[in-house]
Amino acid sequence: MKILVVNAGSTTLKYQLFDAADYSMMAKGNCERIGDGGRVEHKVPGKEPYAKDVRLDSHADAAALVVKLLIDPVYGCISDLSEIGAVGHRIVHGGPNLSESVAVNEYVMNELEKCREIDPLHIPGAIMGLEACIAAIPGVPQVLVFDTAFHHTMPPEAYTYPIPAELAEKYSIRKYGFHGTSHRYVSAEMIRLLGGKAEGTKIVTCHLGGGSSIAAVKDGKVLDTSMGFTSLDGLVMSTRCGSIDPAAVLYLMDKEHMTPREMDAMLNRKSGLTGIAGMGDCRDLCAAIEQGDERATVAINTLCYQIKKYIGAYAAAMGGLDAIVFTAGIGENQAPIREKSVEGLEFLGVDFDKEVNNAVKRPAPVTCLSKPASRVKVYLIPTNEELEIARDTAEIAAKYRK
């Protein structure tokens with residue numbers, strides 16, 4: 001059986017095809033600029049890649065094109081559509097009730113629709129991608145895997161916001177957390193490296209990319225995480241502000257006569273590292289630091305300082321620490337940020353190996369970044385959210401057929 005994994009955005013549809021026998025990746029690609037021209041890039045290992053500007057008026061057009069490419073005699077990798085046994089969808093937000101991966105049915109669709117108001121940035125595109133795949137590949141299980149699901153183990157003291165309880169309940173306002181599929185994958189890998197038994201383990205996972213979040217994973221379950229009701233909360237990010245005093249938001253809105261929509265755009269797209277230094281890519285920031293750019297220095301120092309604070313706070317919350325994991329674009333590729341984020345944590349038992357850290361080459365393999373005697377292990381573990389989605393999808397599809 002083959003598993004198609006889809007990650008649909010408002011104007012994009014990314015995909016990977018896996019062989020469920022060994023979870024090898026058979027094809028991957030991306031349809032972009034949907035509704036505004038269109039372009040597809042498609043790759044099959046061992047074959048020439050396919051890239052073309054093509055008209056894509058809707059997600060339905062994109063899904064139909066993906067299916068056509070997968071079975072194409074030149075660019076494809078399967079002979080017939082019937083080889084695809086299930087489709088797994090990455091969904092950013094599951095709201096208060098969708099707390100685990102699940103096959104699509106009427107109840108699930110109704111709950112997903114309710115999430116439009118909570119997450120208007122991601123859910124509309126995800127629903128369009130889901131509906132397009134149902135039309136393009138009918139009759140197979142469509143499985144939803146939620147970024148928020150792994151974080152549903154948080155206790156009330158971690159996810160409750162101190163606002164009037166009746167309003168929190170009425171509008172489902174609480175901490176949800178995001179990047180859960182990534183945190184689940186790398187924490188499971190770290191547990192395996194620690195001996196394979198989740199019970200008793202205390203791990204901090206740092207998913208650092210354009211969007212970043214940190215999670216405290218105790219006994220294999222999330223105790224706390226940095227992102228909140230939305231993915232705007234927590235760490236300073238590329239263009240997102242992270243945690244700031246809400247009174248500062250109200251003050252700016254008053255002084256600058258900004259509407260809620262204008263403020264939302266500023267906090268999500270013009271703040272964070274970009275707001276501090278005028279650039280949000282850590283590669284550019286690190287290069288600018290070497291040229292003496294003071295704002296770039298402040299931006300990177302702010303990021304690393306916050307990462308360190310979360311590690312320390314979560315070690316306190318868990319009552320100890322066994323391992324720190326770095327993953328995602330920044331976590332896997334920016335050695336200076338990894339090093340600076342653990343400086344001063346020797347009191348926790350971290351003995352960081354700078355030489356090993358600086359020697360890591362792209363694409364980064366699983367690498368132990370701490371010295372052998374280090375009480376707290378520090379690891380670089382490349383994330384693989386698509387593989388985690390494929391595994392969930394295969395497991396649920398098997399139940400679906402029984």
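The values are calculated or read from the model by the stated rules, or taken from the named source; none is laboratory data. Here the structure is a predicted model, which means the values were calculated and not measured. All Cβ positions, even for glycine, are placed from backbone atoms using ideal geometry, and neighbour counts span all protein chains on display.
For residue 95, the conditions (1) under 18 Å from the mean Cα position of the chain (by Cα); (2) part of a strand (DSSP E or B) all hold with the exception of (2). A single entry from 64, 132 fulfils the requirement of being among the small types (Gly, Ala, Ser), touching a helix residue (DSSP H, G or I) at 6+ places or on another chain (Cβ under 6 Å), surrounded by fewer than 20 Cβ atoms within 10 Å (Cβ to Cβ) and assigned to a helix (DSSP H, G or I): 64.
Only one entry of 48, 41 meets the criterion of being over 28 Å from residue 398 (Cα atoms), exposed (fewer than 15 other Cβ atoms within 10 Å of the Cβ) and in contact with a Gly (Cβ under 8 Å, 6 or more places away or on another chain), and that entry is 41. Criterion first (buried (at least 18 other Cβ atoms within 10 Å of the Cβ), touching a strand residue (DSSP E or B) at 6+ places or on another chain (Cβ under 8 Å) and either in the same structural domain as residue 25 (by TED's automatic domain parsing) or at pLDDT below 95 (or both)) does residue 364 satisfy it? When the stated conditions are applied, residue 364 does not pass them. A count restricted to the range 114-126 and to residues that are over 21 Å from residue 393 (Cα atoms) and outside any loop (DSSP other than H, G, I, E, B) stands at 6. Against the test of being outside the structural domain of residue 10 (by TED's automatic domain parsing), hydroxyl-bearing (Ser, Thr, Tyr) and touching a helix residue (DSSP H, G or I) at 6+ places or on another chain (Cβ under 7 Å), the options 159, 171, 176 yield a single qualifying residue, 176.
Scanning the range 367-395 for residues that are part of a helix (DSSP H, G or I) and surrounded by fewer than 21 Cβ atoms within 10 Å (Cβ to Cβ) yields a total of 3.
Let's see how each residue does on (1) without any contact (Cβ under 8 Å) to a residue 60 or more places away in the chain; (2) surrounded by 22 or more Cβ atoms within 10 Å (Cβ to Cβ); (3) more than 22 Å from residue 90 (Cα to Cα); (4) among the aliphatic types (A, V, I, L, M):
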residue	(1), (2), (3), (4)
115	yes, yes, no, no
154	no, no, no, yes
157	yes, no, yes, no
188	yes, no, no, yes
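Please enumerate the residues belonging to the range 257-303 that are closer than 19 Å to residue 210 by Cβ and in a loop (DSSP other than H, G, I, E, B). Correct list: 270, 271, 278, 279, 280, 281. For the range 302-323, taking the residues that are charged (D, E, K, R) and touching a residue at least 12 places away in the same chain (Cβ under 8 Å), the one that is farthest from residue 286 (Cα to Cα) is identified as 322.
When the range 175-195 is examined, which residues are found to be of a type outside the set (Ser, Thr, Tyr), within 19 Å of the chain's Cα centre (by Cα) and not in a helix (DSSP H, G or I)? Selection gives 175, 177, 178, 179.
For (1) in contact (Cβ under 8 Å) with a residue 12 or more places away in the chain; (2) assigned by TED's automatic domain parsing to the domain that holds residue 134; (3) in contact with a helix residue (DSSP H, G or I) (Cβ under 6 Å, 6 or more places away or on another chain); (4) not basic (Lys, Arg), each residue gets a yes or a no:
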residue	(1), (2), (3), (4)
10	yes, yes, yes, yes
19	yes, yes, no, yes
22	no, yes, no, yes
25	yes, yes, no, yes
30	yes, yes, no, yes
35	yes, yes, no, yes
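Just one residue in the set 219, 254 is of a type in the set (D, E, K, R), assigned by TED's automatic domain parsing to the domain that holds residue 338 and in contact (Cβ under 8 Å) with a residue 12 or more places away in the chain; that residue is 219. For the range 135-150, the set of residues classified as part of a helix (DSSP H, G or I) and either crowded, with 19+ Cβ neighbours inside 10 Å or at pLDDT 95 or above (or both) consists of 136, 149, 150, listed by residue number. With respect to residue 98, determine if the residue is hydrophobic (A, V, I, L, M, F, W, C) and without any contact (Cβ under 8 Å) to a residue 60 or more places away in the chain. Yes, satisfied.
Taking (1) in contact with a strand residue (DSSP E or B) (Cβ under 9 Å, 6 or more places away or on another chain); (2) without any contact (Cβ under 8 Å) to a residue 60 or more places away in the chain; (3) under 17 Å from residue 3 (Cβ atoms) in turn, residue 87 satisfies each apart from (2). Restricting the range 304-339 to residues that are among the acidic types (Asp, Glu) and part of a helix (DSSP H, G or I), the residue that is nearest to residue 211 (Cα to Cα) is 332. All of 243, 226 fail the test of being modelled with pLDDT of 95 or more, surrounded by fewer than 19 Cβ atoms within 10 Å (Cβ to Cβ) and closer than 30 Å to residue 188 by Cβ, apart from 243.
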